[in-house]
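Right, one structure below, let's go through it.
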Amino acid sequence: RLPSQVETGAYRIAQELVNNIIKHAQATTVEISIVQNETEVTAHIRDNGCGFVAESQTGGFGLIGLAERVRMLGGTHSIESEAGKGTTAKVIIPLREEKDDH
């Protein structure tokens, strides 16, 4: 299992992205991929919805909250969207090794 902070954070991030799709995208298809390796967890969430022009977004509370969650976990994220062509979000959360103080 993932460290509890990463597990909870990744779940909440995916939940927020899917909620945004439900509320705004008018999508008929959503693809979610979450992959863990030794150093990080990467999530891709893509929809075929109406998309948006990223520069025109003022950053609603959902996107601000998403960015803050990712930042608190030491991760990075990107959102690529084009009006009429859907949206793809990518989130990378590093897995930090627990240091043994003994």
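Thr76 contributes about 80 Å² of solvent-accessible surface, heavy atoms of the protein only, 1.4 Å probe. For the chain, the longest principal axis of the C-alpha atoms and the axis of helix 4-20 are separated by about 0°.
Placing unit charges on the Cβ atoms of the charged side chains and taking the dipole of the chain about its Cα centre, the candidate lying farthest along the positive direction among Gln26, Gly86, Thr76 is Gln26.
3J(HN,Hα) along region 75-89, derived from phi through the Karplus expression 6.51 cos²θ - 1.76 cosθ + 1.60 where θ = phi - 60°, amounts to x, 10, 8, 9, 10, 10, 8, 9, 3, x, 10, x, 9, 10, 10 Hz, with x in place of Gly and Pro.
Relative to the longest principal axis of the Cα atoms of the chain, the long axis of helix 61-72 lies at roughly 20 degrees. The mean of 1/r over all distinct Cα pairs in region 1-55, once inverted, gives the Kirkwood hydrodynamic radius of 12.5 Å. Averaging over all projection directions, the Cα-based convex hull of the chain occupies 6.9 nm² in the image plane.
Accessible area per residue for the chain is 71 Å², calculated with a 1.4 Å probe on protein heavy atoms, without ligands, DNA or RNA.
Placing +1 on the Cβ of every Lys and Arg and -1 on the Cβ of every Asp and Glu, with no other charges, gives the chain a dipole of roughly 320 debye about its Cα centre.
The values are calculated or read from the model by the stated rules, or taken from the named source; none is laboratory data. Everything numeric in this text was worked out from a predicted model, so none of it was measured. Every residue, glycine among them, receives a Cβ derived from its backbone with ideal geometry; neighbour counts consider all protein chains shown. These accessible areas exclude ligands, DNA and RNA; they are computed on the full protein's heavy atoms, side chains included. Shrake-Rupley method; radii C 1.70, N 1.55, O 1.52, S 1.80 Å.
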